1. Please determine, by comparing only the residues of region A:73-84 that are surrounded by fewer than 17 Cβ atoms within 10 Å (Cβ to Cβ) and within 12 Å of A:Lys24 (Cα to Cα), which one is farthest from the chain's Cα centre (by Cα).
2. Within region B:30-41, can you find the residues that are in a loop (DSSP other than H, G, I, E, B) and more than 10 Å from every other protein chain (Cβ to nearest Cβ)?
3. Among the residues of region B:7-43, which ones are more than 13 Å from B:Ala86 (Cα to Cα) and buried (at least 20 other Cβ atoms within 10 Å of the Cβ)?
4. Residues to consider are B:Ile50, B:Ile99, B:Ile107, B:Ile77; find the one that is β-branched (Val, Ile, Thr) and over 14 Å from the mean Cα position of the chain (by Cα).
5. Can you name every one of the strands (runs of 3 or more DSSP E) wholly within region B:42-110 that holds 3 or more residues which are within 13 Å of chain A (Cβ to nearest Cβ) and without any contact (Cβ under 8 Å) to a residue 60 or more places away in the chain?
6. Please determine whether any residue of region A:90-105 is within 14 Å of chain B (Cβ to nearest Cβ), in a strand (DSSP E or B), closer than 23 Å to A:Thr13 by Cα and open to solvent by 20 Å² or more (accessible area, probe 1.4 Å).
7. Please tell me if B:Asp84 is over 24 Å from A:Tyr48 (Cβ atoms) and among the acidic types (Asp, Glu).
8. Across region B:10-29, which residue is nearest to A:Gly102 (Cα to Cα) among those that are assigned to a loop (DSSP other than H, G, I, E, B) and in contact (Cβ under 8 Å) with a residue 40 or more places away in the chain?
Amino acid sequence: DAGVIQSPRHEVTEMGQEVTLRCKPISGHDYLFWYRQTMMRGLELLIYFNNNVPIDDSGMPEDRFSAKMPNASFSTLKIQPSEPRDSAVYFCASSLEPVIYGYTFGSGTRLTVV
Amino acid sequence: SQKIEQNSEALNIQEGKTATLTCNYTNYSPAYLQWYRQDPGRGPVFLLLIRENEKEKRKERLKVTFDTTLKQSLFHITASQPADSATYLCALDSNYQLIWGAGTKLIIKP
């Protein structure tokens, strides 16, 4: 298995533009998580899905952020409009059962909003 | 509020020695705790999970302890190697959400 695949690896965009981050979880993993990591705040959970259904989106900063999981093999995190304070590394992680196997993270997308 | 503390300063250890990292938490009673390794430019990698009713767990050169009375977990790497140099993160559960420590940077010197 290739692991959790995220794209793009790097994204530089101008303030106000729409940004879409993509994630392909490990096949068979029922849980998918979107995280954001910054030096100041560390790792923060944004939203997680179970069987493609959003379970908890309380970590999504504001309405500018949205996430979808149209099927078991694909998820997107969209920011519209983007702002400089959104600059961070965004990770996607999947798990068969978090309380037993932990999470498998992707390599992340480094987002820079200028 | 819930709080997780890990040593913010880098930990320098001589190769071959045992490295011990600390994770303390307050205002919290997690059912389990996880440890991850993160290398620069990469996502965290899962290492070990320990439950509240387990005192100790081992995996090869790694050992984790979990003291719910002290509200502390210790992470040990025995016979440390330069390749063990990385940032190590602890995370505690809260209804499938993990609350993360800031991580401790471990440097193993040859």
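The values are calculated or read from the model by the stated rules, or taken from the named source; none is laboratory data. Computed from a predicted model, the values in this text were never measured in an experiment. Positions of Cβ are generated from backbone atoms using ideal geometry, with glycine treated the same way; all protein chains shown enter the neighbour counts. Side chains are part of the model used for accessible areas, which takes the heavy atoms of the whole protein and leaves out ligands, DNA and RNA. Shrake-Rupley method; radii C 1.70, N 1.55, O 1.52, S 1.80 Å.
1. Across region A:73-84, the extreme among qualifying residues is A:Ser73.
2. Once the filter is applied, which keeps residues that are in a loop (DSSP other than H, G, I, E, B) and more than 10 Å from every other protein chain (Cβ to nearest Cβ), region B:30-41 yields B:Pro30, B:Asp39, B:Pro40.
3. B:Cys23, B:Tyr25, B:Pro30, B:Leu33, B:Gln34
4. B:Ile107
5. Values: elements: B:45-51, B:56-59, B:62-67, B:72-77, B:86-94, B:97-100, B:104-109.
Qualifying strands (runs of 3 or more DSSP E): B:45-51.
6. No, every residue in region A:90-105 fails to be within 14 Å of chain B (Cβ to nearest Cβ), in a strand (DSSP E or B), closer than 23 Å to A:Thr13 by Cα and open to solvent by 20 Å² or more (accessible area, probe 1.4 Å).
7. yes
8. B:Tyr28
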